[in-house]
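The values are calculated or read from the model by the stated rules, or taken from the named source; none is laboratory data. None of the values given here were measured: they were computed from a predicted structure. Backbone-built Cβ (ideal geometry, glycine too); neighbour counts: all protein chains shown. Accessible surface is based on the protein model in full, side chains and every heavy atom, while ligands, DNA and RNA are left aside. Shrake-Rupley method; radii C 1.70, N 1.55, O 1.52, S 1.80 Å.
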Amino acid sequence: SSGTRCPVCAEPWVSPRLLPCLHSLCAPCLRRLGPLGEPGRVAAPRSVLCPVCDAEVALPPGGVGQLTPDYLALSRGGAAAAGCDLCADGAAVRRCLTCGADLCLFCCQAHRRQKKTASHAVTELENTKDCSQVEKPLFCPSHPTERLRLFCEQCDQPVCRDCVVDRHRQHPYDFTGNVIHRHGDALRELLKSTQQRLSTLEGVLSQIDDMGSALHGRTEAVATEICLFASGYVKAIEEHRDRLLKQLEDLKVQKENLLHLRKAQLQQLLLDMRTGVEFTERLLTSGSDLEILITKGVVASRLAKLNSIAYNTHPSVDDGIQFSPQERAGQCHGYELFGAILNKVVDPARCTLHGEDLHSARQNQLTGFTLLCSDTTGERMGRGGETVQVTITHKDKRDCAVKPKVCDNGDGTYHVSYSPEEPGLYAVCVYVKGQHVKGSPFTLMVKTKFREHQGVFHCCTFCSSGGQKAARCACGGTMPGGYQGCGHGHKGHPGCPHWSCCGQVKESSECLGGPPSDTSQRSLLRTVAL
């Protein structure tokens with residue numbers, strides 16, 4: 001908060017308390033705030049709505065009294081009326097010059113009646129020339145006569161000597177002057193990080209403002225084009241023009257609404273960050289060591305929460321609106337109309353795949369298919385530029401994938417080509433703007449490649465000759481004893497490498513005897529699968 005007065009009652013501060021959103025209110029004003037939620041619903045903990053930033057904040061279980069006191073607000077208040085240091089409810093009217101406490105009228109009377117403080121000198125608060133809280137001692141809420149000089153590391157709060165031997169017994173502690181540097185440095189690091197995010201956020205808002213201006217200027221330019229185009233066509237063109245302008249206005253309103261929504265969200269975040277930064281800067285520059293330590297917890301919590309909020313650093317809306325005077329727009333009153341607003345959006349669910357070899361391919365052979373993009377109405381896009389992604393992955397070998405090539409034909413079609421190196425079953429996924437197209441994913445079977453064997457394989461010369469005794473092998477050898485049926489013993493012709501026959505023909509055995517006789521027709525041209 002800022003200023004010397006409470007933002008709710010507009011009166012000088014009376015026991016100001018710091019909310020988690022880093023806005024301060026007088027304790028009486030806080031107690032008058034109604035709880036959030038439906039009537040009869042018990043909230044745990046009770047929440048209130050900050051009247052400054054409309055943020056929902058949760059009060060501690062002990063209520064307003066357990067909120068962090070905003071001593072910095074009292075420092076800014078100068079001679080403005082402060083709250084009583086003992087009861088924290090009434091306005092301070094006097095100050096004890098001995099212990100330095102500001103007292104309301106009731107506590108002042110009690111202060112004088114107590115034996116321990118009866119000898120203290122008390123004066124009117126308005127007679128004191130310096131009401132600054134910087135040098136003013138701060139007293140323990142639990143032990144009003146003891147000053148806060150120590151800091152409990154375990155509980156992360158300033159304490160007095162009586163607290164150390166009572167509720168904070170065996171807790172690690174040290175003097176506030178010894179720990180302020182460490183805790184102050186941590187708070188400064190958080191402040192530095194928030195300041196950097198603050199600058200980035202301001203830049204994003206500036207981009208949104210620029211985009212809003214660009215969108216407005218673009219729509220005006222398109223409207224001018226539309227009006228010039230429609231001026232040559234009397235009634236029919238005027239009606240066509242009006243329809244186009246309405247469509248353009250609808251697009252503009254749609255985009256502006258998205259921009260305004262995004263801007264409002266970021267402006268609120270920026271306001272929260274500025275509040276946090278301004279308060280932390282004042283705390284670190286104007287607050288005393290003890291005040292920093294007292295307020296550190298709630299400030300650090302708020303800054304950390306603000307720093308954790310994620311936001312997009314680019315406007316979520318573009319000015320992608322174009323007018324095409326060559327586009328056919330049908331007829332109106334018998335007149336052929338041209339001119340349309342190009343705002344087609346590709347619909348992945350209506351994009352289709354085409355190709356003869358869509359589900360099958362050969363190893364090491366280039367093949368492919370075609371992707372046809374359509375809009376939400378099922379009409380062909382007619383132009384390229386879409387983001388198309390294709391993945392081809394082996395189902396059995398996870399580390400085996402094919403790298404396809406996508407070619408944009410510029411007319412709404414895209415040719416996908418690939419050459420698989422491994423046979424087997426593949427999963428093919430085709431995406432447009434990150435979404436599956438119709439028919440994706442699908443399976444692809446890659447078969448083993450074939451090679452046509454160049455050799456001539458047939459039964460041996462002796463068999464193909466019909467069993468003639470005078471048959472000769474290509475190597476010049478004969479077969480004494482003649483043909484002995486298809487047992488293929490080939491007795492009398494040892495060592496000939498060309499005697500393999502029928503189903504036992506070897507790949508490496510190319511018979512040198514030439515083709516078989518016309519009568520036997522035993523010659524076979526075999527395709528051997530590798």
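Annotations
- Filter result for the condition that a residue is without any contact (Cβ under 8 Å) to a residue 12 or more places away in the chain, more than 30 Å from Ile309 (Cα to Cα), β-branched (Val, Ile, Thr) and assigned to a helix (DSSP H, G or I), over Thr285, Thr224, Thr219: Thr224
- If you go through segment 368-382 and keep only what is farther than 11 Å from Cys351 by Cβ and surrounded by 17 or more Cβ atoms within 10 Å (Cβ to Cβ), you end up with Gly368, Phe369.
- Filter result for Lys235 (open to solvent by 60 Å² or more (accessible area, probe 1.4 Å), modelled with pLDDT of 90 or more and either among the basic types (Lys, Arg) or over 30 Å from His181 (Cβ atoms) (or both)): no
- Filtering segment 384-407 to residues that are under 20 Å from Gly434 (Cβ atoms), charged (D, E, K, R) and loosely packed, with under 15 Cβ neighbours inside 10 Å leaves Lys403, Lys405.
- Qualifying positions in segment 150-188 - touching a His at 6+ places or on another chain (Cβ under 9 Å) and surrounded by fewer than 12 Cβ atoms within 10 Å (Cβ to Cβ): Gln154
- Of all the residues in segment 357-375, those that are aliphatic (A, V, I, L, M) and either in contact with a His (Cβ under 7 Å, 6 or more places away or on another chain) or not assigned by the TED database to the domain that holds Gly434 (or both) number 1.
- When His354, His314, His333 are checked against the criterion of being outside the structural domain of Tyr71 (by the TED database) and modelled with pLDDT of 85 or more, a single residue qualifies: His354.
- Within segment 91-119, residues that are open to solvent by 90 Å² or more (accessible area, probe 1.4 Å) have Cβ atoms under 8 Å from residues that are hydrophobic (A, V, I, L, M, F, W, C) and not in a helix (DSSP H, G or I) in these pairs: Leu97/Ala121; Leu97/Val122; Leu105/Val93; Phe106/Cys87; Arg112/Ala118; Arg112/Val122, counting only partners at least 6 apart in sequence or on another chain.
- Counting only residues that are under 16 Å from Cys373 (Cα atoms) and among the aliphatic types (A, V, I, L, M), segment 435-449 holds 1 of them.
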